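Everything below concerns the one structure shown next.
The values are calculated or read from the model by the stated rules, or taken from the named source; none is laboratory data. Keep in mind the model is a prediction, meaning the values are calculated, not measured. Glycine also receives a Cβ, built like all others from the backbone with ideal geometry; neighbour counts cover every protein chain displayed. For accessibility, only protein heavy atoms count, side chains too; no ligands or nucleic acids. Shrake-Rupley method; radii C 1.70, N 1.55, O 1.52, S 1.80 Å.
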Amino acid sequence: MSIDTRPPVAKAARRAGPAPEGRRSGFGALNAGAQGLLVVWALVCVVPLLWAVLTSFKSDREIFTNPWALPTEWHFDNFVRAWTSASIGRYFINSAIVVSAAVLLVMLLGAMVAYVLARYEFRGRNVIYYAFVVGMTFPLILALVPLFFVVQNVGMLGTYHGLVIAYIAYALPFTVFFLTNSFRTLPGELIEAAMLDGCSHAGAFFRIMLPLARPGMISVGILNFFGLWNQFYLPLVLMPDQDRYVLSQGLAVLAANQGYRSDWSALFAGLVIALVPVLAVYVAFQRRIQDGLAVGAVK
């Protein structure tokens with residue numbers, strides 16, 4: 001038996017040396033394949049979206065005769081007809097009211113719950129946290145029938161606040177799960193320093209920890225906005241009043257009615273109107289989303 005007396009630096013230098021030619025060519029082929037898949041995936045996402053936008057400016061006849069060509073004449077009146085005659089404007093305002101209220105409340109409640117779960121030691125803390133985690137896995141379709149009778153019995157069926165409460169219950173598990181990991185990455189010494197300076201628990205949360213968790217708050221707020229704006233099953237069951245339909249319900253009604261009337265151009269215009277807020281939010285906050293998703297990945 002002999003002892004390896006070679007310095008570890010030599011081993012490190014040997015490990016840090018250039019990769020063999022075969023390995024480098026393998027990495028290059030793998031990188032090219034990954035980039036090719038990303039290009040294909042980008043085309044799959046962008047081409048239908050671009051086609052829907054261009055189709056919304058065509059006439060009904062042109063949609064069927066030249067579906068892949070550019071519009072010969074840009075029909076902006078399609079959007080006016082969709083906004084007024086098809087009531088897309090009213091549905092748009094209803095969605096804005098319900099989704100904005102739900103996102104604000106779920107962010108406030110979710111941040112408070114996540115902060116307590118992340119920073120306070122008490123019995124049953126893990127049980128509560130994993131209850132929220134299990135809540136994310138529960139299929140929404142199974143909860144629709146009992147949820148309908150609960151909302152009906154409390155007199156909130158067909159009301160804005162009834163739908164807002166249902167949206168909050170739907171988005172709260174994901175919000176708590178996301179923000180709990182975000183609050184755990186923040187330095188706890190700041191809370192102790194605030195307490196020594198006479199700050200209350202609520203003051204430490206609202207004045208110190210909540211501003212520090214802003215990247216995670218923005219990210220989960222945007223993700224909640226996407227999910228609730230496109231939500232269809234909850235308003236379908238809980239909002240029978242047609243004057244208070246949200247945009248997803250209105251588009252379904254528009255697809256049925258305009259299909260019978262052969263007004264396909266107004267239907268595509270309505271789809272583009274529904275897409276605009278989602279695209280605008282994502283384009284405006286895409287860097288915030290990426291930064292927020294990275295919070296908690298590295299401690």
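Points worth noting:
- Some residue of region 162-176 being part of a loop (DSSP other than H, G, I, E, B) and farther than 25 Å from Y130 by Cα: no
For (1) part of a helix (DSSP H, G or I); (2) closer than 30 Å to V246 by Cα, each residue gets a yes or a no:
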position: Y115; (1), (2): yes, no
position: R123; (1), (2): no, no
position: F178; (1), (2): yes, yes
position: N181; (1), (2): yes, no
position: P187; (1), (2): no, no
position: A194; (1), (2): yes, no
position: M217; (1), (2): yes, yes
position: F226; (1), (2): yes, yes
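- On inspection, N78 does not qualify as of a type in the set (S, T, N, Q), touching a helix residue (DSSP H, G or I) at 6+ places or on another chain (Cβ under 8 Å) and under 14 Å from L234 (Cβ atoms).
- All positions within region 106-156 that are open to solvent by less than 80 Å² (accessible area, probe 1.4 Å) and closer than 16 Å to F232 by Cα: P139, L140, A143, L144, L147, F148
Table: residues versus (1) open to solvent by 40 Å² or more (accessible area, probe 1.4 Å); (2) modelled with pLDDT under 90; (3) touching a Pro at 6+ places or on another chain (Cβ under 9 Å).
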| residue | (1), (2), (3) |
| --- | --- |
| A194 | no, yes, no |
| I208 | yes, yes, no |
| N224 | no, no, no |
| W229 | no, no, yes |
| M239 | no, no, no |
| Q242 | yes, yes, no |
| S248 | no, yes, yes |
| L251 | no, yes, no |
| N257 | yes, yes, no |
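Results for (1) exposed (fewer than 11 other Cβ atoms within 10 Å of the Cβ); (2) among the hydrophobic types (A, V, I, L, M, F, W, C); (3) at pLDDT below 75, shown as yes or no for each residue.
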site: M1; (1), (2), (3): yes, yes, yes
site: A12; (1), (2), (3): yes, yes, yes
site: A42; (1), (2), (3): yes, yes, no
site: P48; (1), (2), (3): yes, no, no
site: S59; (1), (2), (3): no, no, no
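- Of all residues making up region 66-109, the number that are under 15 Å from G270 (Cβ atoms) and touching a residue at least 12 places away in the same chain (Cβ under 8 Å): 16
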